[in-house]
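No value in this document is a laboratory result; all are computed from the given coordinates. Please read these numbers as outputs of a predicted model, since none were measured by experiment. Cβ coordinates were reconstructed from backbone atoms using ideal geometry, including for glycine residues, and neighbour counts include every protein chain displayed.
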Amino acid sequence: MPASAAIIGHTTTFYVETTAGSSPSFTKLGEVTAISPPGATTDAVDVTHMESADGIREFIPGLTDPGEVSLTLNWIPGDTTDDFILAWSDKRACKIRFPNGVTWTFDGFKTSFQPDTPMDDKMTAELTVKASGSTVTGVQT
């Protein structure tokens with residue numbers, strides 16, 4: 001049996017276009033500890049009619065929702081990543097770079113940013129980005 005080609009997520013990075021329309025200028029978000037990439041879902045449209053065979057429902061694919069990205073960060077109030085996220089209010093190009101150099105690039109906008117300050121643990125923040133449109137896969141060396 002061949003050896004697994006699995007890789008760990010260490011060194012995965014998340015970038016946001018520095019200023020809307022400024023591509024290819026990207027800002028890397030710092031202190032990211034977890035990224036859940038967008039997962040697309042496609043609507044199932046019911047097209048059943050009175051003569052559908054065997055009384056079984058029929059479906060066709062509808063519109064696809066490109067999903068959301070969830071990020072967890074070590075939260076450092078007032079650092080450059082915190083300031084950048086707080087100021088981000090428009091749709092911009094976003095890019096995830098995986099450890100093997102593959103990139104996913106898509107448009108997205110911040111839908112939530114929730115810091116957490118536990119008494120006896122590190123401060124963290126959850127960032128949610130809504131993807132909009134298609135995701136382009138590439139390779140960055």
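Numbers for the structure displayed
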read-out: Gain upon complete extension [residue 60, residue 112; 0.36 nm per residue less C-alpha separation]; value: 15.4 nm
read-out: Max mean-square fluctuation residue, GNM over the chain, Cα-Cα springs under 10 Å, options 103, 19, 48; value: 48
read-out: Amide hydrogen neighbours beyond the local backbone of residue 123, cut-off 5 Å, H modeled; value: 75
read-out: GNM result for the chain, Cα springs below 10 Å: residue of 53, 34, 93 fluctuating most strongly; value: 53
read-out: Nearest-0.05 FRET efficiency for residue 3 and residue 74, computed from C-beta distance (R0 35 Å); value: 0.55
read-out: Reported label for calculated log10 I(q)/I(0) by the Debye sum over Cα atoms at q = 0.13, 0.14, 0.22 Å⁻¹ given [x] -0.59, -0.68, -1.42; [y] -0.67, -0.73, -1.39; [z] -0.54, -0.62, -1.33; value: [y]
read-out: FRET efficiency for residue 140 and residue 52, using Cβ-Cβ distance with R0 set to 41 Å, rounded to 0.05; value: 0.30
read-out: Residues with amide H under 5 Å from that of residue 107, placed H, sequence gap 5 or more; value: 94, 132
read-out: Using θ = phi - 60° and Karplus 6.51 cos²θ - 1.76 cosθ + 1.60, couplings along the range 66-82 (whole Hz; Gly, Pro as x); value: x, x, 10, 10, 10, 10, 10, 10, 6, 8, 10, x, x, 7, 5, 5, 4
read-out: Close Lys-Lys pairs in the chain, where close means Cα under 22 Å and separation is 8 or more or interchain; value: 10
read-out: Gaussian network model of the chain, springs between alpha carbon atoms under 10 Å - residue of 16, 32, 47 with greatest fluctuation; value: 47
